[in-house]
1. Out of all the residues in the range 16-28, which are crowded, with 16+ Cβ neighbours inside 10 Å and in contact (Cβ under 8 Å) with a residue 60 or more places away in the chain?
2. Please state which one of E31, E60, E8, E48 is closer than 22 Å to T120 by Cα and surrounded by fewer than 19 Cβ atoms within 10 Å (Cβ to Cβ).
3. Among the residues in the range 22-42, are any part of a loop (DSSP other than H, G, I, E, B) and in contact with a Leu (Cβ under 6 Å, 6 or more places away or on another chain)?
4. Do any helices (runs of 4 or more DSSP H) entirely within the range 79-141 hold 2 or more residues that are among the aromatic types (F, W, Y) and surrounded by 13 or more Cβ atoms within 10 Å (Cβ to Cβ), and if so, which?
5. Whether any residue in the range 41-54 is under 10 Å from the mean Cα position of the chain (by Cα) and in contact (Cβ under 8 Å) with a residue 12 or more places away in the chain is what I want to check.
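Each value in this text was obtained by applying a stated rule to the coordinates, not by laboratory testing. Since we're looking at a predicted model, the values are computed, not measured. Note: ideal-geometry Cβ built from the backbone for every residue, glycine included; neighbour counts use all protein chains shown.
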Amino acid sequence: MTESLDQEQVTMLRRAFSMFDGCKTGRIEKEKVRTILNTLGLMIDDLELEALLEAEDKEENGKLNFDSFCRVAMHFLDEDNEVMQKELKEAFRLYDKEDNGYIPTSSLREILMALDDQLTPDQLDEMIAEIDTDGSGTVDFDEFMEMMTGD
């Protein structure tokens with residue numbers, strides 16, 4: 001189902017999906033889809049999203065697999081990466097209150113916990129270690145972008 005997404009978008013969605021699929025079940029709760037799409041800076045029409053989620057939740061168990069998630073996300077994905085980059089920059093700026101060009105990993109931990117309260121401290125540490133590749137205790141915009149887009 002990922003034919004009309006480019007590799008970059010698939011990677012970004014896979015990464016976002018995995019962050020929310022803490023137990024690695026291959027499924028995420030429908031409610032988390034909105035959070036992921038918002039985190040990716042996508043503009044979402046609530047009614048549209050609701051309808052798409054209903055259509056994709058064929059088993060009516062409130063969960064979506066990765067393909068279903070891609071179909072929903074694809075609906076909202078803006079073809080224009082510059083727009084997305086601008087929106088990610090805005091999201092980053094919200095957490096970079098001092099305008100230092102980086103956020104402490106403690107803020108990142110807060111963001112991740114807000115996104116998924118099922119994450120264990122170990123999983124959070126692992127994710128943060130993956131994102132804070134230079135071990136600086138801070139995440140700069142490039143690291144943040146890489147986490148969100150896989151670039």
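1. Keep residues of the range 16-28 that are crowded, with 16+ Cβ neighbours inside 10 Å, which gives 16-17, 19-22, 27-28.
Answer for the range 16-28, where residues must be crowded, with 16+ Cβ neighbours inside 10 Å and in contact (Cβ under 8 Å) with a residue 60 or more places away in the chain: A16, M19, F20, G22.
2. Numbers: E60 fails: closer than 22 Å to T120 by Cα; E8 fails: closer than 22 Å to T120 by Cα; E48 fails: closer than 22 Å to T120 by Cα.
Every option except E31 fails the conditions.
3. So the first thing to find is which residues in the range 22-42 are part of a loop (DSSP other than H, G, I, E, B), and the list is 22-26, 40-42.
Okay, now just the ones that are also in contact with a Leu (Cβ under 6 Å, 6 or more places away or on another chain), so 22, 41.
Looking through the range 22-42, at least one residue is part of a loop (DSSP other than H, G, I, E, B) and in contact with a Leu (Cβ under 6 Å, 6 or more places away or on another chain).
4. Numbers: elements: 81-95, 105-115, 121-131.
The helices (runs of 4 or more DSSP H) meeting that bar are 81-95.
5. Taking the range 41-54 and keeping what is under 10 Å from the mean Cα position of the chain (by Cα), we get 41.
Subsequent filtering for residues that are in contact (Cβ under 8 Å) with a residue 12 or more places away in the chain retains 41.
Looking for residues that are under 10 Å from the mean Cα position of the chain (by Cα) and in contact (Cβ under 8 Å) with a residue 12 or more places away in the chain, one finds at least one in the range 41-54, hence yes.
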